[in-house]
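First the structure, in the form of structure tokens, and then the observations on it.
The values are calculated or read from the model by the stated rules, or taken from the named source; none is laboratory data. Note that this is a predicted model, so its numbers are computed, not measured. Cβ: placed from backbone, ideal geometry, glycine included. Neighbour counts: every protein chain shown. Note: accessible area is taken over every heavy atom of the protein model, side chains too, but ligands, DNA and RNA are not part of it. Shrake-Rupley method; radii C 1.70, N 1.55, O 1.52, S 1.80 Å.
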Amino acid sequence: RVTTLDKPGVLARVTGILGRHNVSIASVYQDTFDAPGTRRSVPIVLLSHQTREADIAASVRAIDALPSIRAKTVVLRME
């Protein structure tokens, strides 16, 4: 789950980072939601196809460095 500012282009940046790290997206869910203590933030839930953990970790580091990210990215492993 990535919590971002609700503005155009943010999802494209996030998915671009995932693509550059060979992470294929299976599904995306975005809801309009203002998280407590934030302004115009939305959670984006992404489910990937099977991928390497190192590629996910590299993606998360790059995503969390974006100025539009409002909370640390949450990763849950599904097996």
> Which members of segment 1-20 meet the condition of being buried (at least 19 other Cβ atoms within 10 Å of the Cβ), modelled with pLDDT of 95 or more and not in a helix (DSSP H, G or I)?
Replying inline: Val2
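Going by the conditions given, is Ile25 open to solvent by less than 60 Å² (accessible area, probe 1.4 Å), in contact with a His (Cβ under 9 Å, 6 or more places away or on another chain) and at pLDDT 95 or above?
Working: open to solvent by less than 60 Å² (accessible area, probe 1.4 Å): yes; in contact with a His (Cβ under 9 Å, 6 or more places away or on another chain): yes; at pLDDT 95 or above: yes.
Yes: the conditions hold for Ile25.
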> Looking at (1) surrounded by 12 or more Cβ atoms within 10 Å (Cβ to Cβ); (2) modelled with pLDDT of 95 or more, which is the only condition Pro43 fails?
Replying inline: (2)
